[in-house]
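Heads up: the structure comes next, in structure tokens.
The values are calculated or read from the model by the stated rules, or taken from the named source; none is laboratory data. Given the structure is predicted, the values throughout are model-derived calculations rather than measurements. Backbone-built Cβ (ideal geometry, glycine too); neighbour counts: all protein chains shown.
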Amino acid sequence: MQRLFITYRLKAGAVMQDFWNYSKEKDQPTVKAQEGVRSFEVYEIVGTDKGSKEFDIIEDVLVESDEKWVEITNRDQMKKNSAEWGRYGDEASVKVFIGKRIV
């Protein structure tokens with residue numbers, strides 16, 4: 001298993017409530033339905049302990065592997081979903097962090 005943390009800002013002019021609706025009604029069900037995705041949670045960042053927020057959203061994805069995630073994101077259904085995500089998310093701000101749990 002591989003844990004991915006994906007961070008990004010919303011586009012200028014995008015409304016957080018509109019993003020919430022898209023996320024709950026379309027994005028989360030689409031991603032969770034993909035074979036290879038074990039869990040998918042989306043968080044709005046509402047504050048920070050230092051200075052301004054660097055991003056607005058963090059997604060926590062548990063997937064079989066990073067290679068599987070690349071395969072998943074290249075599926076037609078996910079490409080369509082990503083195109084709709086582009087109405088809200090700022091592509092230039094996206095960062096993907098690949099995590100390894102310390103046990």
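Some notes on this structure:
- Verdict on Ser39 being closer than 28 Å to Ile102 by Cα and of a type in the set (Gly, Ala, Ser): yes
- Pair list, Cβ < 8 Å and 6+ apart or interchain, from region 87-103 residues that are free of Cβ contacts under 8 Å to residues at least 40 places away in the same chain and within 9 Å of Leu10 (Cα to Cα) to residues that are among the charged types (D, E, K, R) and assigned to a loop (DSSP other than H, G, I, E, B): none
- Check on Arg87, in a strand (DSSP E or B) and at pLDDT 95 or above: no
- Number of positions in region 34-80 that are surrounded by fewer than 11 Cβ atoms within 10 Å (Cβ to Cβ), aliphatic (A, V, I, L, M) and either in contact with a Leu (Cβ under 8 Å, 6 or more places away or on another chain) or within 26 Å of Gln17 (Cα to Cα) (or both): 1
- Tyr22 falls short on exactly one of the conditions (1) surrounded by fewer than 16 Cβ atoms within 10 Å (Cβ to Cβ); (2) touching a residue at least 12 places away in the same chain (Cβ under 8 Å); (3) not basic (Lys, Arg), and that condition is (1).
- In the condition set (1) over 12 Å from the mean Cα position of the chain (by Cα); (2) buried (at least 16 other Cβ atoms within 10 Å of the Cβ), Thr7 is compliant with all but (1).
- Among the residues listed as Ser23, Ser39, Ser52, the single one being of a type in the set (S, T, N, Q) and assigned to a loop (DSSP other than H, G, I, E, B): Ser52
- Filtering region 17-32 to residues that are touching a helix residue (DSSP H, G or I) at 6+ places or on another chain (Cβ under 8 Å) and of a type in the set (A, V, I, L, M, F, W, C) leaves only Val31.
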